[in-house]
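Values quoted throughout were computed directly from the atomic coordinates according to the rules given, and no laboratory measurement underlies them. Keep in mind it's a predicted model, so treat the numbers as computed, not measured. Ideal geometry is used to build each Cβ from the backbone, glycine not excepted, and the neighbour counts take in all protein chains shown.
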Amino acid sequence: MKTESEIRQTLREWIVRTSGKIRAEELDDDTPIIERRIISSLQLTDLILMLERLSDSPIDIEMLKPGVFRDINTIYRNFFEPARA
Amino acid sequence: MNTFEASVEKLCSASIKDYINPYSYLEWPEKIDTEQWSTTPELISLYGTPFYDGLSTAEQQRLSFYEAINFFSLNIHGEKSLIEGLAQRLYRKGNDLVSPYIHHFLDEENKHMIYFGGFCVRYAGKVYPDRKMVFTREYEPGEDDFMFFGKVLIFEEIVDVYNKRMAKDERLAPIVRQINFLHHRDESRHLAFGRLLVKNMYERYSDVWSMDTRERISEYLKNYLQATWKEYYNPAAYKDAGLKDAFDVQEQALQMQATRKHRAEVSAGCIRFLMENGILLEQPQL
Ligand SMILES: [Fe+2]
Ligand SMILES: [Fe+2]
């Protein structure tokens, strides 16, 4: 499995590539990607697929709490930290 | 009575005539043999790619079973949000003409989930989870309603191309054919209603909307069409069918010429309708 910083880097690159609305140097781990419409609802489908791949486990969106995709920090906490604990 | 009203009334009568009991209509076999076709081979997402050509017939048939589970699962998710949206619009002010039809629409979509869910749970023990999410935002007057029915139209038009072909395909397990047939029977009315309503709404609102709004709608529906197609390529189904590197398969298959051609063919009718009515402002790349 990838290290924490590799995962964060992968997420950052994916967001920049998918969005097309933000440059890498403008995106921090606490930049709100949904609120600022950097990622659209339709792109979330791809984000979920990418997270399933990266974490190697399926995601059931009906079980997700609101706000889990807020920013890179939140995504990391929700989808990767429990697996490491 | 204007033509819109008359058409809605006609659709209501047709629904009443075709009304069925979803529990007594289908004969469910004890189990499904996965070494037979559950999806028309030419409609399997990987058809025409090396991923598909490299499989034995038995493996292709196993894949066709999980593709059916995926197709039925995505119908269930589409129908769940459809029912939510329809229920919200029932008896809403300004909907007097369509409310009687919304009753049929709701009834029929609920039955569809009984067929689709019945198949998935009986034979695969599961429904694949949904990956679609929507967030609310500020809309122009009528935009929210229009987008809702625009998305429904895209979703149902694509599904129906599959249903029509599979209902006729004698290679398929009988229960799969029957479900596709029953769905198509109701959907032919939903499609007629969808086109009628979407056209009617666009004519009503497009003068009120700014060019910005019209562009935003076009862009959104284009992205929705692409997102809808991606769901037909489900790594979870590939994994269940025994394929290796399911995520790579999904990513690569989506880029291949054979699958692009397939998506363009299946969506042609729906794209033509949206372009002819000025709703889609440019041809989507699929
Ligand atoms: Fe349906
Ligand atoms: Fe329908």
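The C-alpha atoms of chain B define a longest principal axis, and helix B:211-230 lies at about 20 degrees to it.
Per-residue extension of 0.36 nm, minus the Cα-Cα distance of B:GLU9 and B:GLU27, leaves a gain of 3.3 nm for this segment. In the stretch A:4-84, taking the dipole from charged Cβ atoms about the Cα centre, the farthest positive-side position among A:SER41, A:ILE59, A:PHE69 is held by A:SER41. The simple Förster model, with R0 at 35 Å and r as the Cβ-Cβ distance, assigns B:GLU265 and A:GLU6 a FRET efficiency of 0.30.
The distance linking the stretch B:182-251 with the stretch A:52-69 is 23 Å (Cα centroid to Cα centroid, whole angstrom).
Note down the net charge around B:CYS12, summing +1 for each Lys or Arg and -1 for each Asp or Glu among other residues with Cβ under 14 Å from its Cβ. Could you put the intermediate results ahead of the total?
Numbers: positive: B:LYS10, B:LYS17, B:ARG189; negative: B:GLU5, B:GLU9, B:ASP18, B:ASP96, B:ASP107, B:GLU108, B:ASP186.
Net charge in that neighbourhood comes out at -4.
Across all directions, the shadow cast by the convex hull of chain B built on its C-alpha atoms averages 15.2 square nanometres. Modelled this way, with points 7 Å down the Cα-to-C-beta line, the labels at A:ASP29 and B:GLU170 are 6.3 nm from one another.
The slack between B:LYS126 and B:THR57, meaning 0.36 nm per residue of separation minus the straight C-alpha distance, is 22.4 nm.
Among the residues of B:124-131, the average count of other protein chain beta-carbon atoms within 10 Å of the residue beta-carbon is 3. Peptide B:233-242 has a mean of 1 when you count, residue by residue, the C-beta atoms of other protein chains within 10 Å of its C-beta. For peptide B:211-223, the mean count of partner chain Cβ atoms within 10 Å of a residue's Cβ comes to 1. Axis angle, to the nearest 10 degrees, between helix B:246-255 and the longest C-alpha principal axis of chain B: 60 degrees. Summarising the label geometry, the points placed 7 Å from Cα in the beta-carbon direction at B:MET211 and A:ARG77 lie 4.5 nm from one another. With R₀ set to 45 Å, the beta-carbon distance separating B:GLU140 from B:GLU35 gives a calculated FRET efficiency near 0.25.
Taking each DSSP H run with n ≥ 4 as -39500 (n - 2.57) and averaging over every residue of chain B yields -23000 deg cm²/dmol at 222 nm. Starting from the Kirkwood radius over alpha-carbon pairs of the stretch A:31-85, derive D by Stokes-Einstein at 37 °C in a medium of 0.692 mPa s and give it in µm² s⁻¹. Stokes-Einstein gives a translational diffusion coefficient of 282 µm²/s.
Which net charge results when you count Lys and Arg as +1 and Asp and Glu as -1 among the other residues whose beta-carbon is under 10 Å from that of B:GLU108?
After counting each charged neighbour, the total is -3.
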